[in-house]
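Visitor: One structure, pasted below without further comment.
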């Protein structure tokens, strides 16, 4: 099993490129003997010895970084440790070992006052449960965290109204939660978390309680908000299709271990474990991969078709045109400079070769 870190090394980061979130060998171990075993371990955790003593690993040696404006989605099946990891990073759960840094500050060394300030001023959280206050209106629910911070009523209501418009709930600001649909209630939860203008946004299965049509609408809304707001996001889901649609990078977890942390395209094209391959094998690759993900070396000018496709174009949108060409098609960058080529036979191979055994449905049926 592989626990990959981000593509750039720690030593290469300048202050401006410093990760917003950094986890270094984070463990969360559950069990009555954990404290005693940790004292005996002297900083070196023998996973098998802990398991034999009856301990359960919620998070097992997780190391990764999340950079400014990036959306990292942590996914896995039920019990994989994804929500536990998020709770460790937000300090809702104490870690057993390892280090967590937020904007270079040691999260685990913060005192209660520092932690409260961090949560109030830098972190926004959205959970599967909407947790709206039933006796307060939409506007009052959104303004509530601002008032907790000490913002006066007038300013908090003005800010809340801006958030109402942002999540497209104009005209419903005076409704109570019981008068809203599930999707509308979730929008209120999102608006409430954004009201404090967090730098970091934690979302724990925020759409899983919604029916498929509303869930798709909320994903669209979420992408729209991220395009506008550019938050640093850690998003937890068990839905691989949702992860592929939303993520800049995906971390796939199993039994507390991050099996692979990579871009959606690399996870689909190059799964590093059999477990990850089972998730990716039934993914419609043409909906995920871009021309740049699968292009080959540039062919000579005389060998190229007159057709050109953008490096950033999703394969699905250009496949028919490429497959109609006998010659390789040029792949161009934003300056219309050729950076690679695609031949119809290569597109067919990439889209339809299925040499990894099993599918994500196999995993669900097996309950693994």
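The values are calculated or read from the model by the stated rules, or taken from the named source; none is laboratory data. Nothing here was measured: the structure is a model prediction, and the numbers come from that model. Cβ placement follows ideal geometry from the backbone for every residue including glycine, while neighbour counts extend to all protein chains displayed.
Visitor: Restricting the search to region 24-36, which residues are closer than 19 Å to residue 108 by Cβ and at pLDDT below 90?
Guide: Passing the criteria: only 35.
Visitor: Quick one: is residue 235 surrounded by 22 or more Cβ atoms within 10 Å (Cβ to Cβ) and closer than 27 Å to residue 29 by Cβ?
Guide: Considered against the rule, which asks whether it is surrounded by 22 or more Cβ atoms within 10 Å (Cβ to Cβ) and closer than 27 Å to residue 29 by Cβ, residue 235 comes out as yes.
Visitor: For the subset of region 307-337 comprising residues that are in contact with a helix residue (DSSP H, G or I) (Cβ under 8 Å, 6 or more places away or on another chain) and assigned to a strand (DSSP E or B), which member is surrounded by the most Cβ atoms within 10 Å (Cβ to Cβ)?
Guide: Only one residue tops the list, namely 329.
Visitor: Please go through region 256-278 and give me each residue that is buried (at least 17 other Cβ atoms within 10 Å of the Cβ) and over 19 Å from residue 294 (Cα atoms), ordered by number.
Guide: 256, 257, 258, 259, 260, 261, 275, 276, 278
Visitor: Identify, from the list 47, 59, the residue that is over 16 Å from residue 204 (Cβ atoms), in contact with a strand residue (DSSP E or B) (Cβ under 7 Å, 6 or more places away or on another chain) and outside the structural domain of residue 229 (by TED's automatic domain parsing).
Guide: Going through 47, 59 in turn, just one is over 16 Å from residue 204 (Cβ atoms), in contact with a strand residue (DSSP E or B) (Cβ under 7 Å, 6 or more places away or on another chain) and outside the structural domain of residue 229 (by TED's automatic domain parsing): 47.
Visitor: Tell me which residues, restricted to region 159-192, are surrounded by fewer than 22 Cβ atoms within 10 Å (Cβ to Cβ) and within 23 Å of residue 117 (Cβ to Cβ).
Guide: Within region 159-192, 159 is the sole residue that qualifies.
Visitor: Of all strands (runs of 3 or more DSSP E) completely enclosed by region 20-76, which ones contain at least 1 residues that are under 16 Å from residue 94 (Cα atoms)?
Guide: Fully inside region 20-76 and qualifying: 21-30, 56-66.
Visitor: Do you know which residues across region 246-266 are in contact with a helix residue (DSSP H, G or I) (Cβ under 6 Å, 6 or more places away or on another chain) and over 15 Å from residue 82 (Cβ atoms)?
Guide: Hits for region 246-266 are 264, 265.
Visitor: Could we say that residue 64 is crowded, with 21+ Cβ neighbours inside 10 Å, free of Cβ contacts under 8 Å to residues at least 60 places away in the same chain and within 21 Å of residue 254 (Cα to Cα) here?
Guide: no
Visitor: State the number of residues belonging to region 190-200 that are outside any strand (DSSP E or B) and closer than 14 Å to residue 235 by Cβ.
Guide: 3
Visitor: Residues that are within 25 Å of residue 163 (Cα to Cα): which helices (runs of 4 or more DSSP H) entirely in region 201-290 hold 2 or more of them?
Guide: Fully inside region 201-290 and qualifying: 212-229, 240-246.
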